[in-house]
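The next block holds one structure in the form of structure tokens; read it before the comments.
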Amino acid sequence: MDCKELLSAARAVAPAAYAPYSGFRVGAALLFEDGSVYTGVNVENRSYGLTICAERSAVTKAVGEGHRKIVAVAVSCPDARYPVSPCGACRQVLSEFSDPDCPVCFEDGEGKAVTTTLGELFPYDALHDLKET
Ligand code: THU
């Protein structure tokens, strides 16, 4: 599965986002080493700080079902006019389950997309020595 297909999965799930406060719906899709794909959406809360991003909601689903190794990440935001990359907190969490060469692609609602790697988005990992795998 390439980034394009993974982006389609992220795009397909984005309408299920619960984003009544920001109006900014986000869908994420994660490819795991066994070929399985897990998706997630952002889930906001009226106590705004409790919001969980799409990427972390996908991670918690997948890890709860035993998956540990992400090999590609896609994020789709139909409400944005620029490609929306994973936020800082999500970069940290994604790094727990992926290598720096893991491809990350992200798109806006107008068809613009960027492909990069987790290492580009999250360089100088301060805690790399503490990583389990
Ligand atoms: N959001 C995500 O789901 N992922 C990101 O990487 C960027 C931000 C969500 C959180 C919040 O619901 C909305 O976008 C606006 O910040």
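Only aspartates and glutamates eight or more places from Lys69 in sequence, or on another chain, were considered; those with a Cα closer than 20 Å are Asp2, Glu5, Glu33, Asp34, Glu55, Glu96, Asp99, Asp101, Glu120, Asp125, Asp129, Glu132. A DSSP coil position with no more than 11 other Cβ atoms inside 10 Å describes the following chymotrypsin sites (Phe, Trp or Tyr not before Pro) in segment 54-133: Tyr124.
For segment 84-133, trypsin sites (Lys or Arg not before Pro) are listed when DSSP marks them as loop and at most 16 other Cβ atoms sit within 10 Å of their Cβ; the list is Lys112, Lys131. DSSP bridge analysis restricted to segment 3-132 gives an antiparallel fraction near 75%, rounded to the nearest 5. On a per residue basis, the convex hull of the C-alpha atoms belonging to the chain measures out at 105 Å³.
Among Pro83, Leu30, Gly66, whose Cα projects farthest towards the positive end of the dipole of segment 3-132, with charges put on the beta-carbon of Lys, Arg (+1) and Asp, Glu (-1)? Positive-end residue among those listed: Pro83. Taking the chain as a Gaussian network of alpha-carbon nodes connected by springs under 10 Å, the highest mean-square fluctuation of the residues Leu30, Leu50, Leu121 belongs to Leu50. Within the full protein context, the accessible area of Glu96 is estimated at about 80 Å² for a probe radius of 1.4 Å.
The values are calculated or read from the model by the stated rules, or taken from the named source; none is laboratory data. Being a predicted model, the structure only gives us computed values, none of them experimental. Every residue, glycine among them, receives a Cβ derived from its backbone with ideal geometry; neighbour counts consider all protein chains shown. Accessible surface is based on the protein model in full, side chains and every heavy atom, while ligands, DNA and RNA are left aside. Shrake-Rupley method; radii C 1.70, N 1.55, O 1.52, S 1.80 Å.
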